[in-house]
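*Asks:* Quick one: this structure, given as structure tokens, is what I'll be asking you about.
The values are calculated or read from the model by the stated rules, or taken from the named source; none is laboratory data. Being a predicted model, the structure only gives us computed values, none of them experimental. All Cβ positions, even for glycine, are placed from backbone atoms using ideal geometry, and neighbour counts span all protein chains on display. Surface areas here come from the heavy atoms of the whole protein model, side chains and all, with no ligands, DNA or RNA. Shrake-Rupley method; radii C 1.70, N 1.55, O 1.52, S 1.80 Å.
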Amino acid sequence: VQLQAFGGGLVQPGGSLRLSCAVSGRTFSSYAMGWFRQAPGKEREFVAAISWSDGSAYYADSVKGRFTVSRDNAKNTVYLQMNSLKPEDTAVYYCTAKWGRNYLSDPMRYTYWGQGTQVTVSS
């Protein structure tokens, strides 16, 4: 099983980025796909999650209204559209997967993790 996240970069405050997470090696029909982030010196933080089966989406309060998580079943890819970015969004972003849709904000519940992609919001 492999999760590969990409799409990070440097963006100015107020700008947008779209992260992608390509999934391979198995089907995740009963899984939830999550996005977490970790800034230097801070704990890993839940950002958003989506149910692979029905597309139900869940967000941290800090990103609600600015970020949108989606998935493309045909491409086995999950996306995180990030708009109105702020300097405090700067972090390494990780995509991850877990069975079921409980405990979505708990990183310890996730089984599969991709490598991170750096997002830097700075002028």
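*Asks:* Give the range 75-101 a look and list any residue that's over 14 Å from the mean Cα position of the chain (by Cα) and more than 18 Å from residue 2 (Cβ to Cβ), or say none.
*Replies:* If the condition is that a residue be over 14 Å from the mean Cα position of the chain (by Cα) and more than 18 Å from residue 2 (Cβ to Cβ), then 84, 85, 86, 87, 88, 100, 101 are the ones that fit.
Matching residues to (1) in contact with a His (Cβ under 7 Å, 6 or more places away or on another chain); (2) at pLDDT below 95; (3) more than 18 Å from residue 114 (Cα to Cα); (4) not hydrophobic (A, V, I, L, M, F, W, C):
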site: 8; (1), (2), (3), (4): no, no, no, yes
site: 22; (1), (2), (3), (4): no, yes, no, no
site: 31; (1), (2), (3), (4): no, yes, no, yes
site: 38; (1), (2), (3), (4): no, no, no, yes
site: 95; (1), (2), (3), (4): no, no, no, no
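*Asks:* Please tell me if residue 71 is closer than 19 Å to residue 5 by Cβ, under 13 Å from the mean Cα position of the chain (by Cα) and at pLDDT below 95. Give the derivation first.
*Replies:* Details: closer than 19 Å to residue 5 by Cβ: yes; under 13 Å from the mean Cα position of the chain (by Cα): yes; at pLDDT below 95: yes.
Here the answer is yes, as residue 71 does meet what is asked.
Each row is one residue, and each column tells you yes or no for (1) aromatic (Phe, Trp, Tyr); (2) touching a Lys or Arg at 6+ places or on another chain (Cβ under 7 Å); (3) touching a residue at least 40 places away in the same chain (Cβ under 8 Å); (4) under 22 Å from residue 99 (Cβ atoms).
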| position | (1), (2), (3), (4) |
| --- | --- |
| 6 | yes, no, yes, no |
| 11 | no, no, yes, no |
| 18 | no, no, yes, no |
| 27 | no, no, no, yes |
| 47 | no, yes, yes, yes |
| 59 | yes, no, no, yes |
| 62 | no, no, no, no |
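*Asks:* Then there's this: Within the range 101-110, which residues are open to solvent by 40 Å² or more (accessible area, probe 1.4 Å), closer than 21 Å to residue 39 by Cα and in a loop (DSSP other than H, G, I, E, B)?
*Replies:* Scanning the range 101-110 gives 105, 106.
*Asks:* Could you pull out the residue among 105, 62 that is under 13 Å from the mean Cα position of the chain (by Cα) and at negative phi?
*Replies:* Values: 62 fails: under 13 Å from the mean Cα position of the chain (by Cα).
Only one candidate qualifies: 105.
*Asks:* Residues that are open to solvent by 30 Å² or more (accessible area, probe 1.4 Å) and touching a Leu at 6+ places or on another chain (Cβ under 9 Å): list the strands (runs of 3 or more DSSP E) wholly contained in the range 1-100 that include at least 3 such residues. Break it down stepwise before answering.
*Replies:* Values: elements: 2-6, 9-11, 17-24, 31-38, 45-51, 57-59, 67-72, 77-82, 91-99.
In the range 1-100, 17-24 are the strands (runs of 3 or more DSSP E) which contain 3 or more residues that are open to solvent by 30 Å² or more (accessible area, probe 1.4 Å) and touching a Leu at 6+ places or on another chain (Cβ under 9 Å).
*Asks:* Could you identify the single residue in 56, 20, 24 that is farther than 20 Å from residue 7 by Cβ and hydroxyl-bearing (Ser, Thr, Tyr)?
*Replies:* Details: 20 fails: farther than 20 Å from residue 7 by Cβ; 24 fails: farther than 20 Å from residue 7 by Cβ.
Only one candidate passes the filter, namely 56.
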